[in-house]
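**Student:** So that we are looking at the same thing, I have put the structure below in C-alpha cells.
What follows is calculated from the coordinates using simple rules that are stated; it is not laboratory data. Fair warning: this is a prediction, and the values are worked out from it, not measured in the lab. FYI the Cβ positions are ideal-geometry reconstructions off the backbone, even for glycines, and counts take in every protein chain you see.
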Amino acid sequence: MPSVPALLARTIQTAAAVSPRLAGDLASRLFFTTTPRMPVRDVDAPTHGDARRGRLTVRGIDVTTYEWGAGPRTALLLHGWRGRASQFAPLVRELVAERFRVVSFDAPAHGSSRGRHTDIRDWVDATEQLQAAYGPFALIVGHSFGALAATTVARSTVGTPAVVAIAGAAGPDAFLAEFAHELRLDAATRTRLAERFRQRLGADQATVTARYDAARHPLPDVTSLLVVHDRDDRRMPDADSLRLHEAHGDRSRLLRTDDLGHTRALSADITLDAVVALAVGGLVAVDALGTASTASTGRHREARRTSGTRAAAATTTAATSTAATNPPVTSTAAMVPNTAMPSPPPSANPTSWIAPTWPA
C-alpha cells in the first residue's frame, strides 16, 4: 500500500479545507506514485544476481523480468506497491530447491523497470505476457498489492491451481481506505479519491468490484487459496484478508502470524513452509505441517539463506518441505481452515510449525 510522507499529507489536508475535489485529485496522483524506489537488500543480492533477466513492454513501458531454476513446474511471484521482485529471494530459493522454475517482474515504476506511475492493470498485463511465455503457472504468490493482482488474474485470464495472498486484501477498496486513513482525509475528499481511482481504471464501481474483488467474486472452484497476514500489520490491517479467506470456504487456509508486520512475513520460515507445502502437496500438505519433522529443512535452509539459487538447487535431494529449526524470523501463528481441524499436541513449538486450529 502507498505510504505518505508527512509534508505531502499536510499539504493535502490543507487543500481539503479549501477544496475536497482538489485534495482528492492530489491524493489520487500521490496514490499512483511509487517513489522512492526500494533498493535490493544485501541479503537478497545473491539470489537477485542469479536471475536470468528479460524484458516486456507493458503499456509502452519497459519492464524487467526475472527467471530462476528450470524445473517442470512454474511459479509466478508478484511484488507489492513500492516493492520489487528481489523481496521474494527467500521464497525463490525454497521453490528452486523443490524443482520449480520461478518467474517474476518489477512492475512499471518499481525496481529496475522504467516509468513513474502505475496501477493494477500493469500487473495484470505483465502477468498475462508471462503466462504466454512461461505458463501454465502451478502457483501464483502475491504480496500486498501483488496479492490483489494475484487473485485478479487467477479469476480471469491466468488460471492456476493455487494462489497465495500475503498481507493483501480482497479488493482495491481496502487499499484506498487505508491510504485515506493514513492521510486523515475527510469524507468528501475520500469520495473524490475513489472517483478518481475509478476514472483511472476506466470503470464504474460495479465493474471495479466484479473485476477486482475476490471476496464478492471468488476464485474458481479448482483453485486453492492460502492467506497469510500478520495481526500486527500496520500498513494493511488483516480485516480484508479475513473476508477473503471466509469467502472461499474449505478451499482456503489462513495463516495468522504475530510480530512480523507487513513485510517480514515474506521471509519468515513459517510462511515459507506453508507456501512450499501448498505448492508441492496442496491443502492436505499445508494441514499436515503441524505433525511434520523439522530437522532436515532447518539445516538446508540455513545453508541456502545467504547464498543464491545455485546453492538452493544443490540441496534439493536432501531438503524437505517442513518447518526450519533456529529460524532467523520467528512468529507465533495459527493455521485456520474454514472447517474444524484437530488441535496440535501440547508439546508443539508454535514458532517452528503451524497448528491447524481454530483461532483463540
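**Student:** For the stretch 127-182, what does the equivalent ellipsoid look like in terms of its semi-axes, each the square root of 5 times an eigenvalue of the Cα gyration tensor, given largest first in whole Å?
**Tutor:** Each semi-axis is √(5λ); the values are 24, 10, 8 Å.
**Student:** In the calculated pair distance distribution of the stretch 4-142, what percentage of Cα-Cα distances lie above 26 Å?
**Tutor:** Within the stretch 4-142, distances greater than 26 Å cover 32 percent of Cα pairs.
**Student:** What ³J(HN,Hα) values, in whole Hz, does the Karplus curve 6.51 cos²θ - 1.76 cosθ + 1.60 give for the stretch 203-220 when θ = phi - 60°, with x put for Gly and Pro?
**Tutor:** Residue by residue, the stretch 203-220 yields 8, 7, 4, 4, 5, 4, 4, 5, 7, 10, 9, 7, 8, 6, 10, x, 5, x Hz.
**Student:** Shifting gears a bit: Place a +1 charge on the Cβ of each Lys and Arg in the stretch 115-271 and a -1 charge on the Cβ of each Asp and Glu, then give the dipole magnitude about the Cα centre in debye, rounded to the nearest 20.
**Tutor:** Dipole size: approximately 340 debye.
**Student:** Could you please rank Thr223, Thr33, Thr74, placing first whichever residue has the fewest other Cβ atoms within 10 Å of its Cβ?
**Tutor:** Starting with the residue having the fewest Cβ neighbours, the order is Thr33, Thr223, Thr74.
**Student:** Here is a further query. About the Cα centre, and with charges only on the beta carbon of Lys, Arg (+1) and Asp, Glu (-1), how big is the dipole of the stretch 51-193? Nearest 20 debye, please.
**Tutor:** Taking the Cα centre of the stretch 51-193 as origin, the dipole is about 300 debye.
**Student:** Show me 145-153, 273-281, 260-268 ranked by packing, highest mean number of other Cβ atoms within 10 Å first.
**Tutor:** Ranked from most to least packed, the peptides come out as 145-153, 273-281, 260-268.
**Student:** Would you mind checking which residues have amide H under 5 Å from Thr257's amide H? H placed 1.01 Å from N; only 5 or more apart, or other chain.
**Tutor:** Those qualifying (amide H under 5 Å, at least 5 residues apart or on another chain) are His229, Asp230, Arg231.
**Student:** Checking the a/c ratio against 1.5 first, then a/b against b/c, what shape does the Cα gyration tensor give for the stretch 147-229?
**Tutor:** Because a/c hits 1.5 or more and a/b fails to exceed b/c, the stretch 147-229 counts as oblate.
**Student:** When only Cα pairs under 8 Å and 6 or more residues apart are kept, what is the percent relative contact order across the stretch 23-129?
**Tutor:** The value is 32 percent.
**Student:** Based on other C-beta atoms within 10 Å, arrange Thr127, Thr65 from fewest to most.
**Tutor:** Lowest to highest Cβ neighbour count: Thr65, Thr127.
**Student:** Let me ask something else about it. Sort Val222, Val141, Val43 by Cβ crowding within 10 Å, fewest neighbours at the top.
**Tutor:** Least to most surrounded, the residues fall as Val222, Val43, Val141.
**Student:** Also, quick follow-up: Would you please give the residues with an amide H less than 5 Å from that of Ala162, counting only those at least 5 places away or on a separate chain, with H modeled from the backbone geometry?
**Tutor:** Ile140, Ser224
**Student:** Apply the Debye scattering formula to the stretch 67-123, with a single equal point scatterer on each alpha-carbon and no solvent, then give log10 I(q)/I(0) at q = 0.27 Å⁻¹.
**Tutor:** Relative scattering, expressed as log10 I(q)/I(0), comes to -1.00.
**Student:** Starting from the Cα gyration tensor of the stretch 65-190, take the square roots of the eigenvalues, sort them a ≥ b ≥ c, and report rounded, prolate or oblate (rounded when a/c is under 1.5, otherwise prolate if a/b is larger than b/c, else oblate).
**Tutor:** Taking the square roots of the gyration eigenvalues as a ≥ b ≥ c, the stretch 65-190 is prolate.
**Student:** Which shape class, rounded, prolate or oblate, goes with the stretch 177-286 when its Cα gyration tensor gives a ≥ b ≥ c as root eigenvalues, a/c under 1.5 marks rounded, and past that a/b bigger than b/c marks prolate?
**Tutor:** Oblate, since a/c reaches 1.5 and b/c is not below a/b.
**Student:** Same structure again: Compute log10 of I(q)/I(0) for the stretch 206-255 with the Debye formula, placing one identical point scatterer on every Cα and leaving out solvent, at q = 0.28 Å⁻¹, to two decimals.
**Tutor:** Each listed q maps to, in turn, -1.06.
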